[in-house]
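Worksheet: one structure, shown below.
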Ligand code: FUB
């Protein structure tokens, strides 16, 4: 069983000179799941100046959660941030963004990703939009620091339901944004049931041109873009045997064509969903994902009570990624 030692202490946030000093908690993680005092989901790593920041959705328990159905299993009202310099000792930065920080949003903090450009940190999120947009939408918030405070960068969704074809998932197909900055270009990919791809303008808060559909097999949700040795990778939650697993495709250009490369992982233990987040840190590549094996204060993991994990990721000589076994 993994051991997790919490070191409750006062840590000055020296890493970010412009971040307000606050009391934060550090802990040492010696296995999966990484975080054991919160249910966490949809991991999104960002490496910046020698630190890995990990952004997650906070899966929160509510009465009746286990019997809920029809998409009510999730109760995520904030995004949390953790950071590490060595993949062992982690700093808990607490809640860094909430759907309520978007005036047009009415709740639900689904998957997200933070990227840095020119000293600004852009937080691309899934939120539930209210009138006049309605449906799931992609919002973007911005900060001068990786730990916030983040503020809505537009005052409206970056992507909302009326902008995309209402394919397989209709009003909730605009979820799970991932962004890849590739030289002068930035690409936004997102979707549930349909995988959408669009270029971002250099300001990072407007789409540049048309929204395209990437046709990859078994695509469900949770796309993650990254690049390694000149190859582009589109990794995503695909449908496995009744639950999601992680699959991926590669391309020589972001314009495609995308070649399906198969499964990267099996299904996550005890969880319908799984969600990839990939980063290179200190010379090692990592795959972050979630399962639902954790019990906190007698409350067991479940579809809406997930736990973020990480395992090392390796490449074959031909650029394909080696299958990742999910470890404890
Ligand atoms: O956490 C809510 C949703 O579950 C995410 O947006 C999906 O990727 C899935 O993990």
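The values are calculated or read from the model by the stated rules, or taken from the named source; none is laboratory data. Computed from a prediction, not measured in an experiment: that's the story for all the values here. Heads up, the Cβs are rebuilt from the backbone with ideal geometry, glycines too, and the neighbour counts pull from every protein chain shown.
Restrict the check to segment 152-175 and report whether at least one residue is in contact (Cβ under 8 Å) with a residue 60 or more places away in the chain and buried (at least 24 other Cβ atoms within 10 Å of the Cβ).
yes
So the check is Cβ under 9 Å with 6+ separation or different chains; which pairs have a first residue in segment 275-286 that's within 29 Å of residue 304 (Cα to Cα) and in contact (Cβ under 8 Å) with a residue 12 or more places away in the chain and a second one that's within 16 Å of the ligand (Cβ to nearest atom) and in a loop (DSSP other than H, G, I, E, B)?
Matching pairs, first to second residue: 275/176; 275/268; 275/306; 276/264; 276/265.
Where in segment 1-58 are there strands (runs of 3 or more DSSP E), lying fully within it, with 3 or more residues that are surrounded by fewer than 21 Cβ atoms within 10 Å (Cβ to Cβ) and at pLDDT below 50?
Result: 4-7.
Each row is one residue, and each column tells you yes or no for (1) within 19 Å of residue 54 (Cα to Cα); (2) away from the ligand (no atom under 15 Å from the Cβ); (3) more than 16 Å from the chain's Cα centre (by Cα).
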residue: 223; (1), (2), (3): yes, no, no
residue: 226; (1), (2), (3): yes, yes, no
residue: 236; (1), (2), (3): yes, no, no
residue: 253; (1), (2), (3): no, yes, yes
residue: 259; (1), (2), (3): no, yes, yes
residue: 279; (1), (2), (3): yes, yes, no
residue: 293; (1), (2), (3): no, yes, yes
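Which residue out of 213, 220 is buried (at least 22 other Cβ atoms within 10 Å of the Cβ) and either out of contact with any helix residue (DSSP H, G or I) (no Cβ under 6 Å at 6 or more places or on another chain) or closer than 30 Å to residue 294 by Cα (or both)?
Being buried (at least 22 other Cβ atoms within 10 Å of the Cβ) and either out of contact with any helix residue (DSSP H, G or I) (no Cβ under 6 Å at 6 or more places or on another chain) or closer than 30 Å to residue 294 by Cα (or both) holds for just one of 213, 220, which is 220.
Only one of (1) in a loop (DSSP other than H, G, I, E, B); (2) within 16 Å of the ligand (Cβ to nearest atom); (3) surrounded by fewer than 24 Cβ atoms within 10 Å (Cβ to Cβ) fails for residue 108. Which number is that?
Of (1) in a loop (DSSP other than H, G, I, E, B); (2) within 16 Å of the ligand (Cβ to nearest atom); (3) surrounded by fewer than 24 Cβ atoms within 10 Å (Cβ to Cβ), only one is false for residue 108: (1).
Give the residues of segment 303-319 that are over 28 Å from residue 76 (Cβ atoms) and part of a loop (DSSP other than H, G, I, E, B), sorted by residue number.
Across segment 303-319, the qualifying residues are 314, 316, 317, 318, 319.
Considering only residues that are farther than 22 Å from residue 148 by Cα and within 16 Å of the ligand (Cβ to nearest atom), which ones fall in segment 39-88?
Within segment 39-88, 61, 62, 65, 68, 69, 70, 71, 72, 73, 74, 75 meet the criteria.
If you take the residues in segment 180-194 that are surrounded by 24 or more Cβ atoms within 10 Å (Cβ to Cβ) and at negative phi, which one is nearest to the ligand (Cβ to nearest atom)?
So the residue we want is 192.
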